[in-house]
Amino acid sequence: MKIDLAHSFIEPMAANQPNVIAVKMKDNQLSYQGLNQRSAEIATQVAQFVKTSETCVGMFIEKSIDAVVAIYGILRSGSVYVPMDIKNPVERLRHIIKQCEIDTLVTTPNNVSKLDEALGERASQTNLIVINDDASLTLIPASSPIPLEKKGFRVENQNLATVLYTSGSTGVPKGVMLTHNCLTRFCDWSVDYFKLTAEDKCISHAPLHFDLSIFDIFAAHRAGATTVLVPDGMSGNPRYLTKLIATESITVWQSVPSVLVLLLKYGAIENYQYPNLRQVLFAGEKLSTENAKKLATHFSNATLHNIYGSTETNNSFVFSFPASLGDDIPDPLPIGKAYSYVDYMIVTLEGEPAGIGEEGELYVKTPTLMRGYRNNKAYLYESDARYGYFKTNDIVKQLPDGNVQFCARADDVLKSNGYRINVTEIDTVLQSHDVIREVGTFAVPDDEIGNRLIAYICADEDTLSMLELKTYCAKHLPHYAVPHEFEITSEPLPKTSSGKVNKQQLKKMRQEKHVEIT
Amino acid sequence: MSKLPDLKQYITEEFIPDGNNDHLADDLDLIASGVIDSLGVLKLVAFIENTYDITLEPEEIDPENLKSIDAVSKLVESRGISLA
């Protein structure tokens, strides 16, 4: 029997529909035949350095057709693709390279020097496969390679396909390990549920190191559809996006809700018609019903889908409704019903199963659950009784109509602009600054971006300029985790009885200050 | 008359709350240095369009064109508006 891997369909698809466009960005495009051929070339190069069925190969490339080719090339070589955000601070890149024991990377000529900086001492042990502008490949082998003990192996669908890095609860990014089986189960369901076909044109808005990209690339390609990539620099450009949906006749859209809000607010959305757009998926945070109603008036032929999930579990709930529902769109939007292959339970704080309407924490059991975090065995299974269920840290409740409603987060992890952020990580970075004595970061709800990050800092005011502070954060944190506001005070911050910075009190202080201003 | 000081003043007022722009060089990468985020870019676009009375094409709203005071000046000048 042929083993079904995340990329297995590439060859048959290239044979069946060689000339259909698989991936497109701006004026460049690549057919299924081209994708098959070019990814095979990369696979041949990568395969020289693959030691086991789970060798991790890094991708240090901006979002591009080349990056998609690299994903398939790495998978076809029998190794695991680890996409990295080239804009990440060097320390974060080093953490990923070290943790995944990466000694082979696929990159492009313009990224080689930044990559060298990130590699540091490891550079001499690292093989680079460089995709040139003309699609030819240049191999830069390690000058002092780690001896390679090659064993024969065969990739099974229980083997890893990718490691995606996400914000961790301790402030250190965690590598979520997903198997081929995680990807294929999710993609098969998605193709079926969203009725994806070779006629579809699916947008790829999220970065490739973001879990949403699994749908944009693998589910779309499994159906033989065309993926239209939004270049990195354009993802926050709402006018470009509305024009793209209209001119490319996009049929399937997926993004975080805050991007849809940007389209409504800054995208000149009324300038175009979107008759071909039939599926609009949003995931990762809350979309207000008010905004959902506005979207429905513009995307009037579409079915809208409020999706719930996490990188660890992939998507597990969806609430779908036609745009024509209009004023009857429920408020707030529920996360809906579990995917057909997902089991779940809602557990109260007391550890009892929650009744209808009663709040409790959501536990999810799904075949698309990650294998674990990279180099961290203790990731789930709070107690034996819940064996196999993933503790989501999300508080939800079951509604009488069978839908599930999201209520709140149970920990310090929050979403801003659709990115998962841990405020502990921001605290840690700010605390490491020489002149900062104390810091307390928290979030306040924001209509546009979900959550606004605010950092209270105790330092001598004249020693710290706002510009310097922002620059310091940008150097050490991913761009989306740079606080939106800073408050610098020379007074010590309020403390809880246990001596920690009292963030509730800080929130109150900010609220009072805002009332004063307005 | 130069309109460039308007731009610097706007960026300071909108994105540097303590108003200290001593280190705000014309070639400072405002995005990489965390001074403005993606929403900030859109606010900057609205400011440019209002101040210089132009409408930027979707393709022009590229971080490359908006990442520094120099870049914005170049973009505005490319529309035939003299800043000198």
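In this structure, A:LYS508 does not satisfy being away from chain B (no Cβ under 13 Å) and under 30 Å from A:LYS391 (Cα atoms). Once region A:408-442 is narrowed to residues that are under 14 Å from A:GLU285 (Cβ atoms) and not aliphatic (A, V, I, L, M), the residue that is farthest from the chain's Cα centre (by Cα) is A:ARG409.
Taken over region A:44-93, the residue count meeting the criterion of being acidic (Asp, Glu), crowded, with 22+ Cβ neighbours inside 10 Å and either modelled with pLDDT under 95 or farther than 23 Å from A:ALA22 by Cβ (or both) is 0. Scanning region A:241-293 for residues that are of a type in the set (Phe, Trp, Tyr), at pLDDT 95 or above and more than 12 Å from A:HIS305 (Cα to Cα) yields A:TYR272, A:TYR274. Touching a strand residue (DSSP E or B) at 6+ places or on another chain (Cβ under 7 Å) and either in a helix (DSSP H, G or I) or not hydroxyl-bearing (Ser, Thr, Tyr) (or both), is that true of A:ALA206? When the stated conditions are applied, A:ALA206 passes them. The set of residues from region B:18-38 being within 8 Å of another protein chain (Cβ to nearest Cβ), over 14 Å from A:VAL482 (Cα atoms) and surrounded by 16 or more Cβ atoms within 10 Å (Cβ to Cβ) comprises B:ASN21, B:LEU24. Residues in region A:28-55 that are farther than 9 Å from A:SER77 by Cβ and aliphatic (A, V, I, L, M) were compared, and the one that is farthest from the chain's Cα centre (by Cα) is A:ALA40. Only one entry in A:VAL404, A:VAL439 is modelled with pLDDT of 90 or more and touching a His at 6+ places or on another chain (Cβ under 9 Å), namely A:VAL439. Screening B:GLU60 against (1) surrounded by 14 or more Cβ atoms within 10 Å (Cβ to Cβ); (2) over 21 Å from A:ALA268 (Cα atoms) leaves a single unmet condition, (2).
Table: residues versus (1) of a type in the set (Val, Ile, Thr); (2) over 30 Å from A:SER320 (Cβ atoms); (3) without any contact (Cβ under 8 Å) to a residue 12 or more places away in the chain; (4) exposed (fewer than 13 other Cβ atoms within 10 Å of the Cβ).
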site: A:SER144; (1), (2), (3), (4): no, yes, no, yes
site: A:LEU164; (1), (2), (3), (4): no, no, no, no
site: A:SER167; (1), (2), (3), (4): no, no, no, no
site: A:THR184; (1), (2), (3), (4): yes, no, no, no
site: A:TYR193; (1), (2), (3), (4): no, no, no, no
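The residues of region A:224-249 that are more than 14 Å from chain B (Cβ to nearest Cβ), crowded, with 22+ Cβ neighbours inside 10 Å and part of a loop (DSSP other than H, G, I, E, B) amount to a single one, A:ALA225.
Looking only at residues of region B:1-12 that are more than 12 Å from every other protein chain (Cβ to nearest Cβ) and not in a loop (DSSP other than H, G, I, E, B), we find that the one that is modelled with the lowest pLDDT is B:LEU4.
Listed here are the residues, each with its yes/no results for (1) touching a helix residue (DSSP H, G or I) at 6+ places or on another chain (Cβ under 7 Å); (2) within 17 Å of B:ASP37 (Cβ to Cβ).
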site	(1), (2)
A:SER235	no, yes
A:PRO238	yes, yes
A:VAL261	yes, yes
A:LEU264	yes, no
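Considering only region A:409-422, I want to know if a residue exists there that is within 14 Å of another protein chain (Cβ to nearest Cβ), within 25 Å of A:HIS514 (Cα to Cα) and out of contact with any strand residue (DSSP E or B) (no Cβ under 8 Å at 6 or more places or on another chain). No, that holds for no residue. Which residues, counting only those in region A:475-518, are in a helix (DSSP H, G or I) and closer than 20 Å to B:PHE15 by Cβ? The answer is A:LYS475, A:HIS476, A:HIS479, A:TYR480, A:ALA481, A:ARG510, A:LYS513, A:HIS514, A:ILE517. When each of A:LEU362, A:LEU325, A:LEU304, A:LEU333 is tested for being assigned to a loop (DSSP other than H, G, I, E, B) and not hydroxyl-bearing (Ser, Thr, Tyr), the lone residue that passes is A:LEU333.
Report whether or not A:LYS470 is in a helix (DSSP H, G or I), of a type in the set (Lys, Arg) and more than 28 Å from A:VAL259 (Cα to Cα).
On the way: in a helix (DSSP H, G or I): yes; of a type in the set (Lys, Arg): yes; more than 28 Å from A:VAL259 (Cα to Cα): no.
No, not satisfied.
Scanning region A:396-437 for residues being crowded, with 18+ Cβ neighbours inside 10 Å and either aliphatic (A, V, I, L, M) or within 30 Å of A:THR471 (Cα to Cα) (or both) gives a total of 21. Looking at region A:384-433, which of its residues are over 20 Å from A:ILE356 (Cα atoms), assigned to a strand (DSSP E or B) and small (Gly, Ala, Ser)? Selection gives A:SER416 alone.
Which residue, of B:ASN21, B:ASN65, is in contact (Cβ under 8 Å) with a residue 12 or more places away in the chain and polar (S, T, N, Q)?
Details: B:ASN65 fails: in contact (Cβ under 8 Å) with a residue 12 or more places away in the chain.
Among B:ASN21, B:ASN65, only B:ASN21 is in contact (Cβ under 8 Å) with a residue 12 or more places away in the chain and polar (S, T, N, Q).
Being over 21 Å from A:HIS476 (Cβ atoms) and within 14 Å of chain B (Cβ to nearest Cβ) holds for only one residue in A:ASN110, A:ASN132, A:ASN88, and it is A:ASN110.
Checking each residue in region A:428-474 for being in contact with a Pro (Cβ under 7 Å, 6 or more places away or on another chain) and either within 14 Å of chain B (Cβ to nearest Cβ) or farther than 15 Å from A:LEU414 by Cβ (or both) picks out A:GLU438, A:ASN451, A:LEU453, A:ILE454, A:ALA455, A:CYS458, A:MET466, A:CYS473.
The numbered conditions (1) crowded, with 22+ Cβ neighbours inside 10 Å; (2) farther than 18 Å from A:TYR81 by Cα are all true for A:THR179 except (2). When A:VAL163, A:VAL155 are checked against the criterion of being among the aliphatic types (A, V, I, L, M) and part of a loop (DSSP other than H, G, I, E, B), A:VAL155 stands alone in meeting it.
The values are calculated or read from the model by the stated rules, or taken from the named source; none is laboratory data. Everything quoted here is computed from the prediction, not taken from an experiment. Counting neighbours? That spans all protein chains shown, and the Cβs are built from the backbone with ideal geometry, glycine included.
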